[in-house]
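Report on the following structure.
Nothing in this text is a laboratory measurement; each read-out follows from the coordinates by a stated rule. Since the model is a prediction, treat every value here as computed from it, not as a measurement. Note that each Cβ is placed from the backbone with ideal geometry, even for glycine, and that neighbours are counted across all protein chains shown.
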Amino acid sequence: MSTSEIPQRSRSHRRRMVTAKAAMTRRPEGVDEAHALPGELEPLEWTPNRGPITEQEALGVLRRRRRNELNQAPKREGAKRPEVPSELPAEDSRKVPVVNRFPARYLAMAHARAEVEGTNLTAILEEMLVKYATGKPTRPQTVSRRLLSLYTRKD
């Protein structure tokens with residue numbers, strides 16, 4: 001498919017894709033600031049020359065997100081609610097189902113490619129997730145430009 005065939009998205013649609021706030025960014029209540037992990041109180045910030053995300057940073061963000069989920073979820077009588085984690089899940093822990101939205105055209109093409117390659121899209125997305133999660137963070141402005149360029153015509 002040539003780049004002229006790529007469907008054009010409205011500027012506002014592209015901007016929303018890039019500028020969407022990270023989920024669960026609210027500062028949680030009741031956390032001891034003296035013992036908080038990086039990312040547990042506030043979203044992590046990008047800094048030049050930093051390495052990949054550490055386990056402490058990942059756990060801090062996981063804890064903040066979990067606390068915010070618990071604060072937003074209605075409390076039902078007798079319902080068991082998962083605790084705020086004290087450690088990251090083990091590498092071999094169960095896989096967690098997630099829901100995401102993807103452009104239908106490219107999702108269909110990705111399923112077809114995975115089929116040709118003798119695998120499934122879940123395995124490909126897992127591979128991409130592991131590489132992304134363990135890689136070095138990129139400057140936010142660079143990520144923004146990269147995401148905006150996904151659907152812009154390159155005549």
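Between residue 139 and residue 113, the simple spin-label model (points 7 angstrom out along Cα→Cβ) gives 2.7 nm. Packing, taken as the mean count of other beta carbons within 10 Å per residue, orders the peptides 38-50, 70-82 from highest to lowest as 38-50, 70-82. The distance between label points at residue 150 and residue 120 comes to 2.3 nm (points 7 Å beyond Cα on the Cα→Cβ vector).
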